[in-house]
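Trainee: Have a look at this one before I ask anything.
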Amino acid sequence: MAKKTRITNDIRTLRFLADEMTQADLASRIGVTRQTVIAIEQGRYSPSLEVAFQIANVFGVPLEKVFQYPEEA
Amino acid sequence: MSFHEKSTAVMLGGIILVYSWYFTQMLAIAETAPVDEGVAAIATIAPLLGITIAALVGIAIVAHIVIAIVDVSRQGDVDDAKDERDELIDLKSEQRGSIALTIGALAVLTMMLTGFSMFWAANALLGAMVLSTIVKASFQLYYYRRGV
């Protein structure tokens, strides 16, 4: 069954810092739908590595600035 | 809600509605028609099947036109492109649907081996295909809502 991913992200903050880039704008720049950007932001979908790198490239930051994964306790 | 999600929801409703009508009518016909007489029995429900398919095609066309009009009025265009998330949802849902189809096919096989007529076997197979489609569409909506 689907469950919320443990991967977190700062896409919303990065969009805000990038002149309040819209979800639709980000979606068109990385070649996915706006609903997919929403799902990624809300942690309902973990994107492929390729899309993850594309998102990082759009904001001009390393991948780990966009996505984080909690270390095992 | 994306174009594909709306499309899936509408088609799920349409399939449930149309096939509920079909199976109700089929059972009514089976009470009076000679349904155990081989291929001729299938001919007794052929018009019903034709109406069912035509109704589904009609619902699909009208529903997608309405969805497109609503999308254009709300967001200026129709975004029916599929991306990696849509494809993953399709794949996972197809997998769930194929389990239902396999179980249904085994049930039909059992029916044929135990002497059920072609009429009942054909309808059971159709039922399995419809159930498979319903399972697939239900999982698609679940994955769109809850995440994949």
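The values are calculated or read from the model by the stated rules, or taken from the named source; none is laboratory data. Since the structure is predicted, the reported quantities are computational estimates derived from the model, not experimental observations. Here the Cβ is made from the backbone with ideal geometry for all residues, glycine too, and neighbour counts use every protein chain on show. Side chains included, ligands, DNA and RNA excluded: accessible areas come from the protein's heavy atoms. Shrake-Rupley method; radii C 1.70, N 1.55, O 1.52, S 1.80 Å.
Trainee: Can you report the number of residues in the stretch A:15-37 which are of a type in the set (Lys, Arg) and within 9 Å of chain B (Cβ to nearest Cβ)?
Mentor: Total satisfying the criteria: 1.
Trainee: Would you mind telling me which numbered condition in (1) under 18 Å from B:TYR19 (Cβ atoms); (2) among the aliphatic types (A, V, I, L, M); (3) within 14 Å of another protein chain (Cβ to nearest Cβ) B:ALA137 fails?
Mentor: (3) is the only condition that B:ALA137 fails.
Trainee: Now, a different point. Pull up the stretch B:1-24, narrow it to residues that are farther than 14 Å from B:VAL130 by Cβ and in contact with a Leu (Cβ under 9 Å, 6 or more places away or on another chain), then point me to the one that is nearest to the other protein chains (Cβ to nearest Cβ).
Mentor: Checked the stretch B:1-24; the qualifying residue nearest to the other protein chains (Cβ to nearest Cβ) is B:GLU5.
Trainee: While we're here: One residue is enough: does the stretch A:17-27 have a residue meeting the conditions closer than 17 Å to B:ASP86 by Cβ and open to solvent by 30 Å² or more (accessible area, probe 1.4 Å)?
Mentor: Checked the stretch A:17-27: at least one residue is closer than 17 Å to B:ASP86 by Cβ and open to solvent by 30 Å² or more (accessible area, probe 1.4 Å).
Trainee: Out of (1) open to solvent by 60 Å² or more (accessible area, probe 1.4 Å); (2) at pLDDT 95 or above, what's the single condition that is false for A:VAL37?
Mentor: If we test A:VAL37 against (1) open to solvent by 60 Å² or more (accessible area, probe 1.4 Å); (2) at pLDDT 95 or above, just (1) comes out false.
Trainee: How many residues does the stretch A:38-62 hold that are more than 7 Å from chain B (Cβ to nearest Cβ) and either more than 15 Å from A:ILE7 (Cβ to Cβ) or among the hydroxyl-bearing types (Ser, Thr, Tyr) (or both)?
Mentor: Counting residues in the stretch A:38-62 that are more than 7 Å from chain B (Cβ to nearest Cβ) and either more than 15 Å from A:ILE7 (Cβ to Cβ) or among the hydroxyl-bearing types (Ser, Thr, Tyr) (or both) gives 10.
Trainee: Scan the stretch B:24-43 for residues that are touching a residue at least 24 places away in the same chain (Cβ under 8 Å) and either buried (at least 16 other Cβ atoms within 10 Å of the Cβ) or over 15 Å from B:ALA122 (Cα atoms) (or both) and report the count.
Mentor: So the count comes out to 5.
Trainee: Would you confirm whether any residue within the stretch B:55-70 is under 23 Å from B:ALA128 (Cβ atoms), of a type in the set (Gly, Ala, Ser) and surrounded by fewer than 13 Cβ atoms within 10 Å (Cβ to Cβ)?
Mentor: Checking the stretch B:55-70: not a single residue is under 23 Å from B:ALA128 (Cβ atoms), of a type in the set (Gly, Ala, Ser) and surrounded by fewer than 13 Cβ atoms within 10 Å (Cβ to Cβ).
Trainee: Out of all the residues in the stretch B:1-23, which are open to solvent by 20 Å² or more (accessible area, probe 1.4 Å) and outside any helix (DSSP H, G or I)?
Mentor: B:MET1
Trainee: Which condition number in (1) within 13 Å of another protein chain (Cβ to nearest Cβ); (2) over 19 Å from B:ARG85 (Cα atoms); (3) among the basic types (Lys, Arg) is the one that A:LYS65 fails?
Mentor: So A:LYS65 meets the others, but not (1).
Trainee: Residues being touching a helix residue (DSSP H, G or I) at 6+ places or on another chain (Cβ under 6 Å), closer than 30 Å to A:GLN23 by Cβ, touching a residue at least 24 places away in the same chain (Cβ under 8 Å) and open to solvent by less than 50 Å² (accessible area, probe 1.4 Å): count how many of those fall in the stretch B:75-130.
Mentor: Summing the residues that are touching a helix residue (DSSP H, G or I) at 6+ places or on another chain (Cβ under 6 Å), closer than 30 Å to A:GLN23 by Cβ, touching a residue at least 24 places away in the same chain (Cβ under 8 Å) and open to solvent by less than 50 Å² (accessible area, probe 1.4 Å) in the stretch B:75-130 gives 4.
Trainee: Same structure, new question: Is there a residue in the stretch B:133-141 that is surrounded by 13 or more Cβ atoms within 10 Å (Cβ to Cβ), among the aromatic types (Phe, Trp, Tyr) and under 30 Å from A:ASP25 (Cα atoms)?
Mentor: Yes, the stretch B:133-141 contains at least one residue that is surrounded by 13 or more Cβ atoms within 10 Å (Cβ to Cβ), among the aromatic types (Phe, Trp, Tyr) and under 30 Å from A:ASP25 (Cα atoms).
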